[in-house]
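The values are calculated or read from the model by the stated rules, or taken from the named source; none is laboratory data. Small disclaimer: the values here were computed from a predicted structure and weren't measured. Quick reminder, even Gly has a Cβ in these numbers, built from the backbone with ideal geometry, and neighbours come from all protein chains shown. Only protein heavy atoms, including side chains, enter the accessible area calculation; ligands, DNA and RNA are left aside. Shrake-Rupley method; radii C 1.70, N 1.55, O 1.52, S 1.80 Å.
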Amino acid sequence: MNGIEKILALNEYHSKIFTEPKTFLERKLYRAKHSTEIAALKCMDGRLHLPVMTQTALGLIQPWRNLGGRFDLGWPAFKEGMEGWVEYSSHKGRKCLVFITYHWSKGDEHRGCRGFNYDKEAAVKAAMDLKKQYDYVFGKGPVYAIVCGIETDEDGLVLHSASDDKLDLAELPAQSSSEELLTKIQTLYPDMDEDMANDLLPLVEGNVRHIAEIRASNRPIADSEHREWVLGIGRGFDWLHEINMAFIIGHFDPDLRNTIKTGASLLQQNIEAGRVDPKNGIVLMTSAPYRHTAGYEQRLAEQKAKFFKDFALDIIKTDVPELMEHLQSLAVTVDMNTRKIHPLE
């Protein structure tokens, strides 16, 4: 089975789970109980999957990806995308919680964030600066942004307050009660809406459980190292929640050319370091989502995915040509109602 075949099989599996009646009803009941939409701004690093880390069902946390987790509300594409998400949430009568994340490894700084050259303090500062943008633009009401560190050896979350008090979930007892955890959330974020704090609680509980399971499993260090073999570009990748499988880049960064070059270089480094075997398949995958089949939305998504594929291949041929001999390419659209991908060739 080559790389593309692995991707198609994996998507078939996850799409089937996403559309199962039981999963569909659980997701619907969860949304009825929890009135907060959640977004996560993350690095393209393939280890960072909040649904896995918080034991949350697929489709409840909306991922936004870029190199190093860098974002700026002044970027036109990001501004328009975030504005659309907030408008959609408001139209549904739902509040918005935004995780602004950075990541590091406590065991070895070189298992940390390459996007910040392994400089944790620089990553934290960038996250705090972005939070200030959110607070200025949206205030601290229906749209509430929090800075969240991710320690990748144990997948532990560290929640920051605006005054930089911290709640390190890896330091909490595995048997912590819901009441104890909710009190800690409310102490850290005293100005957070009560309903939103209650909606944050399941993610905190899930991460505390997940950390305990990681510790009990004695997960090998190799599992916390980079072993990605897919470079994903675009949106609609939230079905691909396999740790260490893909570097995922959104289309938000005005310097997208350099971001794609960096992602391709990281794939090549994984090959050269022996972390992945190119014989098993190295894939460039471009993706564009749609929700409505009537009209032109799906066809626009097709054009977008094809453009990103040609754009990325031109960059890789010029800037990382040694990767081309190993590379397969796949352009797809994603039906967000089913998470099913549709290859365009």
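Matching the structure-derived Cα extents along the principal axes in Å against the labelled list (i) 66, 54, 38; (ii) 55, 49, 40; (iii) 80, 57, 47 gives the label (ii). In this simple spin-label approximation, Met128 and Arg31 carry label points 7 Å from Cα along the Cα→Cβ vector, and these lie 3.7 nm apart.
Highest mobility in the GNM of the chain, judged by mean-square fluctuation with C-alpha springs under 10 Å and restricted to Glu154, Glu80, Glu225, is found for Glu80. Each peptide in 284-296, 323-335 was scored by the mean count of other Cβ atoms within 10 Å over its residues; highest first, the order is 323-335, 284-296. Full extension of the chain between Asp195 and Arg227 gives 7.6 nm of extra length, using 0.36 nm per residue less the Cα-Cα distance.
How high is the relative contact order of the range 11-81, given as a whole-number percent (alpha carbon pairs under 8 Å, six or more residues apart)? The partial results should precede the final answer.
Numbers: 56 pairs, mean separation 20.7, N = 71.
With pairs under 8 Å counted, the relative contact order is 29 percent.
Taking the centroid of alpha carbons for each part, the range 111-184 and the range 49-87 are 15 Å apart.
Assuming R0 = 35 Å, can you tell me the calculated FRET efficiency for the pair Glu109 and His342, based on Cβ-Cβ distance, to the nearest 0.05?
0.30
When only C-alpha pairs under 8 Å and at least 6 residues apart count, what is the relative contact order of the range 121-248, in percent?
On the way: 121 pairs, mean separation 22.9, N = 128.
Computed over the range 121-248, the figure is 18 percent.
Placing +1 on each Lys and Arg Cβ and -1 on each Asp and Glu Cβ, with no other charges, gives the range 79-227 a dipole about its Cα centre of roughly 320 debye.
When only Cα pairs under 8 Å and 6 or more residues apart are kept, what is the percent relative contact order across the range 259-345?
Working: 114 pairs, mean separation 31.5, N = 87.
Reported as a whole number, the value is 36 percent.
Counting only DSSP beta bridges with both residues in the chain, the antiparallel share comes to about 25 percent. Across the accessible surface of the chain, with the other protein chains kept in place and a 1.4 Å probe, carbon and sulfur atoms take up 51 percent.
Dipole orientation for the range 1-128: of the candidates Pro21, Leu48, Asn2, Pro21 has the Cα lying most toward the positive pole (charges on Cβ; Lys, Arg +1; Asp, Glu -1).
Looking at the chain, the accessible area is 45 square angstrom per residue; that uses a 1.4 Å probe and ignores ligands, DNA and RNA.
Using the Cα gyration tensor of the range 44-171, with a ≥ b ≥ c the square roots of its eigenvalues, what is the shape: rounded (a/c below 1.5), prolate (a/b larger than b/c) or oblate (neither)? Could the numbers behind the result be given before it?
Details: a/c = 1.65, a/b = 1.48, b/c = 1.11.
It is prolate, given that a/c is not under 1.5 and a/b is the larger ratio.
The distance linking the range 243-261 with the range 292-324 is 13 Å (Cα centroid to Cα centroid, whole angstrom).
Once the Cα atoms are used to define both axes, helix 21-33 deviates from the longest principal axis of the chain by about 40 degrees.
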